2 protein chains.
Amino acid sequence: MSFRVNQDRLGFELDRFARIGASSEGGVARLAFSPEEREALGQMESLLKAEGLATRRDAIGNLFGRREGAAPGLPALRVGSHLDTVPDGGRFDGALGVIAGLEVVRVLREQGIQTRHPIEVVAFVGEEAARFGMGCLGSRATVGTLNLPRLLAARDLRGISGAEALRQAGLAPEALPSAAQKPREIAAFLELHIEQGRVLEAAQKAIGIVTDVANYTRLHVEVIGRADHSGTTPMPLRRDALAAASEMVLAVEETVTALGQAPSVGTVGVLRVDPGAVNVIPGRAAFEVDVRDIDFDRKARIAQRIQERIAAIAERRGVEVQVAIPSDGHPVPLSATVVETIQKTCEDLDIPAQKMVSGAGHDAMHIAPFAPAGMIFVPSREGRSHSRLEWTDLADLVPGVEVLLETLLQLDKKTTDH
Amino acid sequence: MSFRVNQDRLGFELDRFARIGASSEGGVARLAFSPEEREALGQMESLLKAEGLATRRDAIGNLFGRREGAAPGLPALRVGSHLDTVPDGGRFDGALGVIAGLEVVRVLREQGIQTRHPIEVVAFVGEEAARFGMGCLGSRATVGTLNLPRLLAARDLRGISGAEALRQAGLAPEALPSAAQKPREIAAFLELHIEQGRVLEAAQKAIGIVTDVANYTRLHVEVIGRADHSGTTPMPLRRDALAAASEMVLAVEETVTALGQAPSVGTVGVLRVDPGAVNVIPGRAAFEVDVRDIDFDRKARIAQRIQERIAAIAERRGVEVQVAIPSDGHPVPLSATVVETIQKTCEDLDIPAQKMVSGAGHDAMHIAPFAPAGMIFVPSREGRSHSRLEWTDLADLVPGVEVLLETLLQLDKKTTDH
C-alpha cells in the first residue's frame, strides 16, 4: 500500500521548528518555560488552528488542538509529545511527536476521514529535566502527579526558581493543580519518538514498539570539604571536595559496569564546584547521578552500592556528604492493547518492526497508569540524542508517522471507553 | 618599647571593610571590578582624603593616596595591597595591607612625623584570579606586564568579558596601557599580608619576613567527549568528558603527592561540565590546574607529568583533550635590602620573626622586578584563607602594622634612589 503521509510537508515542518532556539553551531535549545519553548508552542498553535482545530492551553501551558469526532461524548484519542529540548539538543527529540500529530490531522482532513472519537494533538511542556532537574512536567500535571512544591522551589543554573520561570512564561503557579484531568477524558495516548539508542539501527528495523519504559533513580550528592588557599595548604591537610567528587563520579561508572547488564546505565551529567576559583581548594561540590534500568531490583542494587561507595570515599577523605534521592521509580509497562494494535498495524503495512524497551523516560510513561498509552520508535543514527548530532533521515520518519496514523484509526474503531 | 599603632582604630577599619560585600553567612565577596570592589575603593579613597592625602586613580582603577615628603623630587615609598577578594573569602586577605597603610599615615600625622620621601598608600585592583583566571591585574598594570588582550577577552562564570567588566566599572579598556609607571617613581614597596598558611603558627612567630614568592603554573584543560542521552547509551559506547576529567583531577593530586615535597601543591579549583544536564552524558568538561612550588624545576617536572597523565587518560578513554598553559612563572625573590631592614626592625622591636617563602602569589611579586619590594606576614589561624573562616586576632595584627611602619621609616632614612 502507498503511504498517505506527505514526506515533504513533514520535512518542512521539522525544518521550521528546528530554527526555533537554533544555535549557530546547529544545536537547538528550547528549555522548559523558556521564550524559545513558548515560541514553538505559539507556532504549533497557529498551525493547528489553521487546520480548523480548537486549541487551548492548560494551567501549566500544555497545548491541545482538538478535532471533534462523529460520535458524541466519546473520550479523545490523544497524539503528541513535547516541544522543549535539552541545551544544545537535536531537532527530533520531542518535536517529531507533535509535528507527527499535526501531519495526522492534515491527512485526516485531506482524505476526508471522520473519526468516531475526537482527535487531540498535544504538546506537553517541560519534558526534559535539564533546567530544573525534574522532567515530564506538563504530562505529570495532566495526570495530577506533578510534585508542585518541589518544582516551584527548584532553581536553574542561573538561580531562577520554578515559580519565577512559570511567571515569566505567563503562568500562575497557584493555578497549576487545575491542569489535572480525568481519565475518562482520554481514550488513549500515542507518542511517536526517535529511539535515542542503537537497537533499531543494529536490528535494521523501521519501527520499535515500546512495551516498557525504563525508569531512573536520581541521587543528588553534596560533598562538603574545606575551602582553603590553593598555594599555601599542604596536600595532606586538604579536604578537597572536588577531588572527593571525582572519585565518586568514577565510582558510579565502575559500579554500573560491575553490577549492571546491557540496559543498565549510570551517568553524572551535572557537577558544580564551589567557590569555583582557580586559587581556592573546592569547599563544596554537588553532582547528580542518574541510574536507569528495566529491572527495578537491579537498579536498586546499583543505586545502593553507589551510595556505599560514596560514603566510603567521603569517610576516607574526611569530607562530609549528603545524599538525597529525588526520584526512584519503577519501570512502567505501556498498554498491551495499544502494543498489539501497533504490532498489527506494522504487519498490515508490511513495515519491519520489533518490540523493545525504552531506556529514556517519556511523557507516555506518566500517562500510562492513567489511560492506555503506547509509543512508536523510529531509528536514531548512531543512537545519538540530547545532542546537536541527533539525526534520522526523513525517509525513515515517514513509516513512523504512517504507523501512528493507522494505529490511531484502528484504535478509533475498537476503543469505546476504558 | 610601646607600639604607636592604634589597635582599636585598626579593628574598627577592618570591621568597616568586612561589611562591604559581606554575605549573611560571614564570607566577603568583592570580585575584581565588581560594584563591591568599587565600593571598598571609594570608602578607602574618602578615608585617605580625610587624612589630607592627595588621591588619584589610574587607568585600571588602582587607588593611590599620597603624603608628600620633605625632600623634593624623591621617589615614593609605597605601602599597600588589594581590596578585592575571592568569592566567599575572608576579611584580611588584601584589605589588611591597605588598611595598615591607612593606619601608618594616621600614626605619622598624630606623631607629627615628616618623612623625606613621599609616602603612598596603594590599593591595587583585581589581585585575586577568581573572576577572570588572571590575578594581580592592578599591580601588573603599574609595571607594564599585564597581558591586556588576554584580560579583555577572558570571560567570567556569567559570560561577562574582561572588557565588559572594565566598562561596567567605569574604566576605558583602551586607556589601560597608560597605567604603566616608571621605576624611578617608586623608592620601595611594602606589603603587609596574612600568611594564609601554618608556618608562623607552628613556629610561634609573630612575623614572617618573605624572602621569595612561589610562582604557579596554570594549565587550562578542555576535554571533548560525546554528548549522548544518559538513558539509552550503553556504558561501553560512551565518551564521557566528565568521567575522563574526574580521572585527570585525581591524577593531579597523585602526581603532586608522588613527585612533590612539602611546599609543592596542585589544585583543580574550577571545573565546568557541558551541557550540564542530568540526562545528558557530558560532551565537554573544562578545568583549571594550579601547580605551585618554590623550586622551578620541580614545578616544571610536576606540570610535565600531569600533562602526560592527562594525555594517557584521554587516549585510553577515546576523548580529545586540549591543554593550554596560560601561566608558568619562576619564583620571585624579594629585595634583600628590604628583607634586611624588616629583620633589623623586628630585632629592634623585639618581635619574634623568621624568614620564609610565600606559597601564595601577591602584588609584591610583580613589583619586585621593577622596584625594591618586601612583604611582612602575620599568622593565619589554622592557615585558613580564601574562606570565610580566615582569621587572625587583632592583637596579632598590631605587631605586623608596627613593623610595617618602622620599616618604612628606616627605608625613608636609608633609601635615596635605586
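Using only side-chain charges placed at the Cβ, +1 for Lys and Arg and -1 for Asp and Glu, the dipole size of the protein assembly as shown relative to its Cα centre rounds to 580 debye. For the set A:182/A:344; A:49/A:414; A:344/A:414; A:205/A:299, the pairs lying more than 18 angstrom apart at their alpha carbons are A:182/A:344; A:49/A:414; A:205/A:299.
The residue among A:395, A:79, B:202 whose Cα reaches farthest toward the positive pole of the charge dipole of the protein assembly as shown, with charges on the beta-carbon of Lys, Arg, Asp and Glu, is A:79. Applying the criteria of a DSSP loop state and at most 15 other Cβ atoms within 10 Å to the trypsin sites (Lys or Arg not before Pro) of segment B:123-178 yields B:158. Placing unit charges on each Cβ (+1 for Lys and Arg, -1 for Asp and Glu) gives the protein assembly as shown a dipole about its Cα centre, and among B:319, A:321, A:154 the Cα reaching farthest toward its positive end belongs to A:154. Ratio of Rg to Rh for the protein assembly as shown: 1.09 [Cα atoms; Kirkwood radius as inverse mean 1/r over pairs].
Set the Förster distance to 45 Å, then compute FRET efficiency between residue A:70 and residue A:158 from the Cβ-Cβ distance, nearest 0.05.
Details: r = 49 Å, r/R0 = 1.10.
That pair, residue A:70 with residue A:158, gives E of 0.35.
Taking other C-beta atoms within 10 angstrom as a stand-in for reagent exposure, B:220, B:362 fall in the order B:220, B:362, fewest first.
Quick one: net charge of residue B:126's neighbours, Cβ under 12 Å, K/R +1, D/E -1? Result for the neighbourhood of residue B:126: -2. A Förster radius of 56 Å combined with the Cβ-Cβ distance from residue A:355 to residue B:301 puts the calculated FRET efficiency at roughly 0.45. Copy-to-copy label distances for residue B:311, where each label lies 7 Å from Cα along Cα-to-Cβ, are 4.3 nm in order of increasing length. When only the Cβ of Lys, Arg, Asp and Glu is charged (+1, +1, -1, -1), the dipole of chain B relative to its Cα centre reaches about 680 debye. Loop-located trypsin sites (Lys or Arg not before Pro) in segment B:13-75 (DSSP state other than H, G, I, E, B) with a sparse environment of at most 16 neighbouring Cβ atoms within 10 Å: B:19.
With label points set 7 Å from Cα along Cα→Cβ, the inter-copy distances at residue B:54 are 8.3 nm, sorted shortest first. Would you work out which of A:177, A:111, A:47 lies farthest towards the positive end of the dipole of chain A, given +1 charges on the beta-carbon of Lys and Arg and -1 on that of Asp and Glu, about the Cα centre? Of the options given, the answer is A:177. Helix check for chain A. Which DSSP H runs span at least 24 Å along their own axis by Cα, with a mean Kyte-Doolittle hydropathy no less than 0.5? Membrane-span-like by this criterion, though nothing is claimed about a membrane: A:241-259, A:394-414.
We did not get these values from a lab; they are worked out from the coordinates using the rules stated. Being a predicted model, the structure only gives us computed values, none of them experimental. Every residue, glycine as well, gets a Cβ built from its backbone with ideal geometry; the counts of neighbours run over all protein chains shown.
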